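Remarks on the structure that follows.
Since every read-out is calculated from the coordinates, none of them should be taken as a lab result. Every value quoted in this text rests on a predicted model; they were computed, and no experiment measured them. Reconstructed Cβ throughout: ideal geometry from the backbone, glycine too, with neighbour counts over all protein chains shown.
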Amino acid sequence: MNLTLKIWRQANADAKGEMVTYSIADVSPDMSFLEMMDMHNEQLIGNGEDPVAFDHDCREGICGMCSMFINGEAHGPDRLVTTCQLHMRKFKDGDTITIEPFRANAFPVIKDLAVDRSAFDRIQQAGGFVSVNTSGNTQDANAIPIDKHDADKAFDAATCIGCGACVASCKNASAMLFVSAKVSQYALLPQGKVEATDRVMSMVNQMDEEGFGNCTNTGACEVECPKGISLENIARMNREFMSATLKG
Amino acid sequence: MITTSIARKVAMALSGLFLILFLGQHFTINVTSVFSEKTFNFLSHFMGNNPLVQFVLQPILIFGVVFHFVMGFVLELKNNKSRSSKYVSFKGAANASWVSRNMILSGIVVLSFLGLHFYDFWVPEMNYKYVEILPKDPDRYYGELVHKFHSPVRVGIYALSFVFLALHLYHGFASSFQSVGLNNKYTRGVKWLTSAFALGIPAGFIFIAIFHHLNG
Amino acid sequence: MAKLDSKVPKGRLSEKWTNHKSNINLVSPANKRLIDVIVVGTGLAGASASATLAELGYNVKTFCFQDSPRRAHSIAAQGGINAAKNYQGDGDSTHRLFYDTIKGGDYRSRESNVYRLAEVSTNIIDQCVAQGVPFARDYGGLLDNRSFGGVLVSRTFYAKGQTGQQLLLGAYSAMNRQIGRGKIKMYNRHEMMDLVLVDGKARGIISRNLVSGAIERHSAHAVVIASGGYGNVFFLSTNAMGSNVSASWKIHKRGAHFANPCFTQIHPTCIPVSGEHQSKLTLMSESLRNDGRIWVPKNIEDVKAIRSGSLSPTAIAEEDRDYYLERRYPAFGNLVPRDVASRAAKERCDAGYGVNATGEAVYLDFADAITRYGKEQAHVKGLDENDAVLVKKLGQEVVRAKYGNLFQMYEKIVDQDPYETPMMIYPAVHYTMGGVWVDYNLMTSIPGCYAIGEANFSDHGANRLGASALMQGLADGYFVLPCTIGDYLADDIRTGHIATDTPEFDAAEKEVKDRVAAFINNKGNRSVDYYHRKLGKIMWDKCGMSRNEKGLKEAIEDIKALRTDFYKNVNVPGSAEEFNEQLAKAGRVADFLELGELFAKDALERTESCGGHFREESQTPEGEALRDDKNHTFVSAWEYQGEPEKAKLHKEILNYEEIEVKTRSYK
């Protein structure tokens, strides 16, 4: 396949970025999107140009590091995949592909397509944990049976890979899906319930401080989430937040 | 209390639900005008002169309306600011409905309509009762109503506004349940009911306007 | 360098760890506040160690090259984590887990370390559940288990196909708690460039900020390396793109012995290579072998028809299929250990029975499992067990619930529906049992420098059993290192803060800066990836699933030549003072180019076959691996002497006190 790529180039956080047009030939439909980007970078290096910076690591859809906004959608046109799992067979010969970084004030661009998502880490540091020491003296793992339905729901929430596609896709750059997934995981488990009140308050406060937008229930995040995290989690977090507020 | 994003979201939902309640009540009274002039006049007179309605409910309602749209604008501004460098290509339609993404637009149309509506009914009404303090006339309401719908332009504007109200409600009503934390096995049913309301009530209002235009 | 001292405590095997814990030196809580520890890497081992050290009161500085500690490649582990809980009542015990691990490792691991691992395994599960890790549960609300290769009990705890992710997020959450409290200072997007020694002790590191390019000095009383394995020396592996050997290699060059580099695990169930563009390989969890049956056609005509596309695998009759694992290893069948399964697949493909265009793939078939589960469900629901369509539908639902995400992953990559047609799989490099040599306390041969998790060599011998990597990472990080490190640090309570404006730091920083500048100024004509791919090809062809003397000798020469070419002609664009992926990669590939040679040298030296290391010269008439216990029951620990070829071999003789060394048989 021969393709035209329009890629956002930005030298560093302070530089002004712009879209630059490139063309690339002989792309195999079996390549992953990132392999196509590798090929493109090899060409740039060969021509003495600066390769395009982009984040990636595991290349099997689980680390959450890859983060491109392709043709107007986070992780591209396919559903339930990350960019590294997107394959070129989803595109046609002659296509023009627009590639941008995830954009949000809370995710400043580092270079080209790589952005800084440490805001997510700070939200987790505010309360995304169970306060239990790793002493090895905890009670037996089977001491508290957990309703399978709750355990399954907690697992589904916990599959979030923290890629930031929810923020990138939301017209308001809201991080509600990400935060609610973590809040839900713990709220559904007896081990996490103990400090549920403080957790939801601290995490939501941190989320607001980071400069994410407000949720207006458009549902774009759920559609674009590579792990299919459900909007139910946001409803659960709203509930948790209200009950925490009322408790004071 | 309304300093966090979720509190704002819940407040938006609750004020919206309150306005929807009012809308239902307003429609119930208006629709009586289609089949019974007498009932309509009776209800209108009651609402216009009952002190509880006038001095307790009416201010709450006005507060609700003002709060809802002021908060709507505040949120829109905040949300806009959370992404100062915009996408070159953003395919909003791929993952979210037009109505959900354009609440501010439908909201502004509805708000402008409210201005017209106040100018048409509420201002004259206030003037009648509290400024000029004219004598009470329990039978004047129906006539005033029909009179307003003589102009085809006004009927057109009303109809168009209600289309936008329908769009606003179509997302807003169901969405407010999500905001207050209700998303469970009943959600599909709720979606269905709220959609029926969102389409039915504005359609009813349009019907009333056209009905009086044609019969007036 | 002094003789190897593994510092294994005296006493009975089952009492060693308990006694050791009671007798080693401790640091008082007040003094822990005065001590700094650096941890490099945030996978299961690094994250759990950072969290626990911080909880204990040490000041921890943790480094990872990714943008967040949560991205470390432990996250990609799919299948599960072993623990001798015996919740299933199927006869499991600490001793059995210990025995299975030693046997699975083909009797090339240190007995005392493995026993300790089995001992603390149960604590890990308790700990993780307390942290809110959502393990799979049954309808009674209790934890569910499944079975993995090389064992006869169900002791594997799992969270669908994302166990590694859930465990890592648990450790990451424990870290977050300590970062929030200020006890861990986290350095994301930082790469360790070198280790700094002061008076022969590890006293800090030089790091590079990958965003700004700044070279920084960090001091500490001890340095813990938890940077994972070196599978990427093969270029194509199931490791993440960034996984590298650099931290381990830098400490090796500063004096830490590197042990058993040739012990590499080739995982049998990976998605086959599709073309030259391939950048990495994707694993399909071993748990699939619980239900999937592995086969190739019996007749070479069928193979040809399949390759040409004129025959579909589902059309091949049962009697024309060769379920070669079930045929060769009736006792363990499809659940033989990974090294055995991989070699068997290679044997069939080498014989010409590979089922894809490249001839390097075998089938992993779920049709039987779907029928079996479907009938079971039909029976439970009181439906017609003979209705094939219904049975298939019900069976697919069960399989979807168990392996849904893996099937989806396969379909996205290969573009075939594995519910309808068998998966194609082929072995790929997955894990490295070898690593930095450590003693019982997990300290390397450099005082104050520790290595944990996949970065060290200690627990898996010549082959690792499935679901044991997660167990070892967390055991080292949560329970072993935080305890043993106190023994060393107890002497450091009066040392005080370690200054970084010393000649040792000056010298180390200068070396790093020179190295970086050399890459930038080289202005060659070949990209870093060009060399990495070439190296990978040499490794796979000559140091891969089977090795021989001639090939290994060639590999050593080839790698040497490639390394020379690399330093002469590599092209690293951009500058050192910016976000420069190519520069970071160049440093990593440079280290792989040295490690690769030591790898081949080690493989050449070990003339026996054991575990993942198969020497063609040492096999039974049936083609099974043949160990040479008389001459090779030792750990090869290599001491750096300026060049990989000059590395000096030290042997740690392995003594088995409690178990009898036997020929491994899964027949």
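What FRET efficiency comes out for C:Thr495 versus C:Gln641 if R0 is 30 angstrom and r is the Cβ-Cβ distance? Round to the nearest 0.05.
Working: r = 31 Å, r/R0 = 1.02.
It comes to 0.45.
With both labels modelled 7 Å from their Cα along Cα-to-Cβ, the C:Glu326 to B:Val88 distance reads 5.6 nm.
For region A:118-247, a Kirkwood hydrodynamic radius built from all Cα pairs, placed in the Stokes-Einstein relation at 10 °C and 1.306 mPa s, yields a translational diffusion coefficient of 105 µm²/s. Sites listed here are trypsin sites (Lys or Arg not before Pro) in region C:130-219 whose DSSP assignment is loop and whose Cβ has at most 13 other Cβ atoms within 10 Å: C:Arg181. The HN-Hα couplings worked out from phi for region C:306-316 by the Karplus form 6.51 cos²θ - 1.76 cosθ + 1.60 (θ = phi - 60°) are 5, 4, 7, x, 8, 10, 9, x, 5, 7, 7 Hz, whole numbers, x standing for Gly and Pro.
Compute, for region C:458-561, the length of the dipole vector about the Cα centre, with Cβ point charges of +1 (Lys, Arg) and -1 (Asp, Glu) only. Units Debye, rounded to 20.
Values: 15 positive and 17 negative charges, 181 e Å.
That gives region C:458-561 a dipole magnitude of about 860 debye.
Rounded to the nearest 20, the size of the Cβ-charge dipole of the protein assembly as shown about its Cα centre is 1720 debye, with Lys and Arg at +1 and Asp and Glu at -1. With semi-axes defined as the square roots of five times the eigenvalues of the C-alpha gyration tensor, the equivalent ellipsoid of region A:154-213 measures 21, 15, 6 Å, largest first. With r as the distance between the Cβ atoms of B:Thr3 and B:Ile29 and R0 = 51 Å, compute the FRET efficiency 1/(1 + (r/R0)^6) and round to 0.05. Efficiency, from the Cβ-Cβ distance: 0.85. Here's the picture: charge each Lys and Arg Cβ at +1 and each Asp and Glu Cβ at -1 in region B:76-216, and of B:Leu145, B:Ser106, B:Ala203 the one pushed furthest to the positive end of that dipole is B:Ser106.
Applying a DSSP loop filter and a limit of 12 other Cβ atoms within 10 Å to the GluC sites (Glu not before Pro) in region B:72-159 leaves B:Glu132. Considering only C:Ile559, C:Thr663, C:Ser173, and ranking their Cα positions along the charge dipole of the protein assembly as shown that arises from unit charges at the beta-carbon of Lys, Arg, Asp and Glu, the one farthest toward the positive end is C:Ser173. Against the empirical curve 2.2 N^0.38 Å, the C-alpha radius of gyration of region C:23-102 lands at a ratio of 1.49. Put simply, region C:572-649 fits an ellipsoid with semi-axes of 37, 16, 8 Å; these come from the alpha carbon gyration tensor as the roots of five times its eigenvalues, largest first. Here the peptides C:295-301, B:183-189, A:129-135, C:422-428 are ranked by packing, the mean other Cβ count within 10 Å, and the order with the highest first is C:422-428, A:129-135, C:295-301, B:183-189.
Output the Kirkwood hydrodynamic radius of region A:3-111, Cα pairs only, in Å rounded to one decimal. Intermediate results must be reported in sequence, preceding the final value.
Details: mean 1/r = 0.0699 Å⁻¹.
Radius from the Kirkwood sum: 14.3 Å.
Could you give the Stokes-Einstein D for chain C in µm² per second, using the C-alpha Kirkwood radius, 37 °C, 0.692 mPa s?
129
Each part gets one Cα centre, and for region C:114-179 versus region B:128-191 those centres are 57 Å apart.
Here's the picture: a label point sits 7 Å out from the Cα of B:Ala203 along the beta-carbon direction, and within region B:172-193 the residues with their amide nitrogen under 19 Å of it are B:172-174, B:189-193.
In this structure the amide hydrogen of C:Asp194, modeled in the peptide plane, comes within under 5 Å of the amide hydrogens of C:Ile206, none closer than 5 places in sequence on its chain. A 28 angstrom limit on the alpha carbon distance is what I want to check against. Which of B:Lys86/C:Lys61; A:Lys92/A:Lys227; C:Lys253/C:Lys560; C:Lys185/C:Lys585 exceed it? Over 28 Å apart, Cα to Cα: B:Lys86/C:Lys61. FRET efficiency for the A:Asn133 to A:Ser243 pair, using the beta carbon distance and R₀ = 35 Å, is estimated at 0.80. Using 17 Å as the cut-off for backbone N distance, which residues of region C:324-367 belong to the label zone defined by a point 7 Å from the Cα of C:Lys304 along Cα→Cβ? Only C:351-359 pass the distance filter.
Which one, C:Ala357, C:Tyr426, C:Ala388, is farthest towards the positive end of the dipole of region C:268-428 when Lys and Arg carry +1 and Asp and Glu -1 on their Cβ? After comparing all options, I get C:Tyr426.
Computed from the alpha carbon atoms alone, the convex hull of region A:81-127 holds 100 Å³ per residue. Extending 7 Å from the Cα toward the beta-carbon at both B:Val56 and C:Lys553 defines two label points whose distance is 10.3 nm. Put a plus charge on the Cβ of each Lys and Arg, a minus charge on the Cβ of each Asp and Glu, and nothing anywhere else: the dipole of chain C about its Cα centre is then about 1080 debye. When both bridge partners sit in region A:3-111, DSSP labels roughly 75% of those beta bridges antiparallel. Backbone amide hydrogens, once placed in the peptide plane, bring A:Ala175 within less than 5 Å of A:Gly213, excluding anything fewer than 5 places away on its chain.
Peptide C:169-176 has a mean shielding of 6, counted as Cβ atoms of other protein chains within 10 Å of each residue's Cβ. The alpha carbon radius of gyration of region C:268-428, expressed as a multiple of 2.2 N^0.38 Å, is 1.04. The peptide list B:36-45, C:330-339, C:442-451, put in order of mean Cβ contacts within 10 Å with the highest first, becomes C:442-451, C:330-339, B:36-45.
Using only helices, what value at 222 nm comes out for the protein assembly as shown when you add -39,500 (n - 2.57) per DSSP H run of length 4 or more and divide by the total residues, to the nearest 500 deg cm²/dmol? Provide the component values of the computation, followed by the final result.
Details: 37 runs with 498 residues, N = 1131.
My calculation for the protein assembly as shown gives -14000 deg cm²/dmol from helical runs alone.
For region C:127-174, the spread of Cα coordinates along the three principal axes comes to 34, 26, 18 Å, biggest extent given first. Restricting the calculation to Cα atoms, every distinct pair contributes to the Kirkwood radius of the protein assembly as shown, found to be 32.0 Å. In summary, the convex hull built on the alpha carbon positions of chain B has an orientation-averaged projected area of 14.7 nm². Distant-in-sequence amide contacts of C:Trp638, defined by a placed amide H-H separation under 5 Å and a gap of 5 or more residues or a different chain, comprise C:Phe258, C:Ala259, C:Asn260, C:His650. Inter-chain Cβ neighbour count for A:62-73, averaged per residue, equals 6 (cutoff 10 Å, partner chain atoms only). Our note on the geometry: Cα centres of region C:184-258 and region C:22-45, 18 Å apart. Just checking the listed ones, A:Gln206, A:Gln139, A:Gln185: in the Gaussian network model of chain A with Cα springs under 10 Å, the one fluctuating most is A:Gln139. GNM on chain B, alpha-carbon springs under 10 angstrom: the most fluctuating residue among B:Phe35, B:Phe69, B:Phe197 is B:Phe35.
For chain A, the pair-distance distribution built from all alpha carbon pairs, in bins 10 Å wide starting at 0, is 7, 29, 31, 19, 11, 4, 0 percent. Overall dimensions of region C:353-454, expressed as equivalent-ellipsoid semi-axes from the Cα gyration tensor (√(5λ), whole Å, largest first), are 43, 20, 11. Here the 3J(HN,Hα) profile of region A:161-175, calculated from phi with Karplus coefficients 6.51, -1.76 and 1.60 at θ = phi - 60°, is 9, x, 7, x, 4, 4, 5, 5, 7, 6, 5, 9, 6, 8, 9 Hz, Gly and Pro shown as x.
Figure legend: label point modelled 7 angstrom from the Cα of C:Leu311 along Cα→Cβ; residues of region C:322-349 with amide N under 13 Å from it are C:322.
3J(HN,Hα) couplings calculated from phi for region C:322-327 with the Karplus curve 6.51 cos²θ - 1.76 cosθ + 1.60 (θ = phi - 60°) are, in sequence order, 10, 7, 5, 6, 5, 5 Hz; Gly and Pro show x. The distance between label points at A:Gln43 and C:Asn631 comes to 5.4 nm (points 7 Å beyond Cα on the Cα→Cβ vector).
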